[in-house]
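Please see the structure below; I have some questions.
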């Protein structure tokens, strides 16, 4: 079994790209920490290929990362761009990841070891593998477990950072939900899903007219090569600045309501296999290829979760660590056989305390992302590790799960989630561009 089958597609490239540096290579580090005692005997001379604020990326790190990404592209049946082009694209991804990880560190975004271990265990469970079998599958793909674990931790950190910086600030109005529902009632709306590939040529936020023109010409060059029959995945890896560039620019199946209007207007005129002209958005220039389209799948039954929790808040005179330790002690008592509801009635600082912390039946999207993610990761009867949300610190226990057909209220909730996802996608691209523009980045790859 290869790593290709171990991760969901959206996370696969991130894990592969992050897992490239072998254990012999140190991770990118602070400039003032790279002076070490000279090793004995002959050594391969390394060099710095990028400076990102006060951290660096070395040629050896980039080479290892590029080799791993190239292997993944080959396993997926894609065509490789020239090695120098692929290196440039991989380096751009490393720089973008490093900019985000630096912000996460500076602002205290963390993921504890228990969360990392639970995530990896869930991946192994989903593939019917023991942890030893999972490690062996990784090693067959040339990935050391320690490196994979660190990279999964970084992926979780980046997800939490995006959640905090972008997704939690996305506001969806009732008017937008009404518009989405009306859209879905029409043939153009939610009845159609599209399988797409995408190229994005970014334009800096404060770009000059000359810079804009240079980026437009880059997009036109990509389009020209596509019109001549070039492989889209190869052109994506060569020209695209999108996070999915090295995945062939694959967006996968997207409902109409999840797509920007400029995409939807353009692809509705296409036949299968055709590409759009250059599309302009605030982020830059886009090219979209229509791979396929289909009628939207019937809304699936909704899985609801019956859950209860104990909530503690940080108050004057207490610290985050003290609150968390108190919750860990309460969790230990539950695991030892004490009644969760009784402990909630005495300890929880939430309006549900009188009900033993019972939150009733929760549908997807009805609680904050951190809580929902923890809840979804639990088996029936299992008690979570302490989980932090904007409301405080929780431990939670899943009592049962059930499925039901979506009501009008649930359909409205689904429409709200569709609008939120679309707005979050657009906001994330804009936020990432701003982050990159504000960072000090010195790309030395072409220096010899």
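The values are calculated or read from the model by the stated rules, or taken from the named source; none is laboratory data. All values derive from a computational prediction rather than experimental measurement. No Cβ is skipped: glycine too gets one built from the backbone with ideal geometry, and neighbour counts run over all protein chains shown.
Kindly indicate the residue of the stretch 231-261 that is over 17 Å from the mean Cα position of the chain (by Cα) and within 19 Å of residue 427 (Cα to Cα) and also modelled with the highest pLDDT among those meeting that condition.
240
Same structure again: Name the residue that is surrounded by the fewest Cβ atoms within 10 Å (Cβ to Cβ), counting only residues in the stretch 139-150 that are part of a helix (DSSP H, G or I) and in contact (Cβ under 8 Å) with a residue 12 or more places away in the chain.
Result: 146.
Looking at (1) more than 27 Å from residue 373 (Cβ to Cβ); (2) at pLDDT below 85; (3) exposed (fewer than 13 other Cβ atoms within 10 Å of the Cβ), which one does residue 192 not meet, given that it meets all the others?
Among (1) more than 27 Å from residue 373 (Cβ to Cβ); (2) at pLDDT below 85; (3) exposed (fewer than 13 other Cβ atoms within 10 Å of the Cβ), residue 192 violates only (3).
Out of curiosity, is residue 423 touching a helix residue (DSSP H, G or I) at 6+ places or on another chain (Cβ under 9 Å) and either under 27 Å from residue 106 (Cα atoms) or outside any strand (DSSP E or B) (or both)?
Judged against the criteria, residue 423 is a match.
Shifting gears a bit: Having 3 or more residues that are more than 30 Å from residue 180 (Cα to Cα) is the bar; report the strands (runs of 3 or more DSSP E) wholly within the stretch 334-419 that clear it. If you could, list the steps in order and put the result at the bottom.
Values: elements: 358-362, 387-389, 392-404.
Passing ranges, in order: 392-404.
Residue-by-condition table, conditions (1) in contact (Cβ under 8 Å) with a residue 40 or more places away in the chain; (2) over 30 Å from residue 423 (Cα atoms); (3) under 22 Å from the mean Cα position of the chain (by Cα):
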{"position": "49", "(1), (2), (3)": "yes, yes, no"}
{"position": "53", "(1), (2), (3)": "yes, no, no"}
{"position": "69", "(1), (2), (3)": "yes, no, yes"}
{"position": "96", "(1), (2), (3)": "yes, no, yes"}
{"position": "132", "(1), (2), (3)": "no, yes, no"}
{"position": "137", "(1), (2), (3)": "yes, yes, no"}
{"position": "152", "(1), (2), (3)": "yes, no, yes"}
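Okay, moving on. Of the residues in the stretch 261-277, how many are in contact with a helix residue (DSSP H, G or I) (Cβ under 8 Å, 6 or more places away or on another chain) and buried (at least 16 other Cβ atoms within 10 Å of the Cβ)? If you could, list the steps in order and put the result at the bottom.
Of all residues in the stretch 261-277, those in contact with a helix residue (DSSP H, G or I) (Cβ under 8 Å, 6 or more places away or on another chain) come to 264, 275-277.
Of the ones still in play, those that are also buried (at least 16 other Cβ atoms within 10 Å of the Cβ) are 264, 275-276.
The number of residues fulfilling the criteria is 3.
Does the stretch 405-413 include one or more residues that are crowded, with 18+ Cβ neighbours inside 10 Å, in contact (Cβ under 8 Å) with a residue 24 or more places away in the chain and in contact with a helix residue (DSSP H, G or I) (Cβ under 6 Å, 6 or more places away or on another chain)?
The answer is no, given that none of the residues of the stretch 405-413 is crowded, with 18+ Cβ neighbours inside 10 Å, in contact (Cβ under 8 Å) with a residue 24 or more places away in the chain and in contact with a helix residue (DSSP H, G or I) (Cβ under 6 Å, 6 or more places away or on another chain).
Something else now. Which one of 196, 161 is under 28 Å from the mean Cα position of the chain (by Cα) and within 21 Å of residue 292 (Cβ to Cβ)? I'd like the intermediate steps shown before the answer.
On the way: 161 fails: within 21 Å of residue 292 (Cβ to Cβ).
Exactly one residue qualifies, and that residue is 196.
Please work out if residue 100 is at pLDDT below 90, under 30 Å from residue 58 (Cα atoms) and in the same structural domain as residue 57 (by TED's automatic domain parsing).
Judged against the criteria, residue 100 is not a match.
Among residues belonging to the stretch 379-391 that are modelled with pLDDT of 90 or more and farther than 17 Å from residue 341 by Cβ, point out the one that is surrounded by the fewest Cβ atoms within 10 Å (Cβ to Cβ).
It comes out as 379.
Within the stretch 54-83, count every residue that is at pLDDT below 75 and assigned to a helix (DSSP H, G or I).
2
Out of 287, 310, I need the residue that is buried (at least 20 other Cβ atoms within 10 Å of the Cβ), modelled with pLDDT of 90 or more, assigned to a strand (DSSP E or B) and under 26 Å from the mean Cα position of the chain (by Cα). Which one?
None of the others qualify; the one that does is 287.
Within the stretch 271-284, how many residues turn out to be free of Cβ contacts under 8 Å to residues at least 60 places away in the same chain and either within 28 Å of residue 362 (Cβ to Cβ) or under 28 Å from the mean Cα position of the chain (by Cα) (or both)?
Within the stretch 271-284, residues that are free of Cβ contacts under 8 Å to residues at least 60 places away in the same chain and either within 28 Å of residue 362 (Cβ to Cβ) or under 28 Å from the mean Cα position of the chain (by Cα) (or both) number 6.
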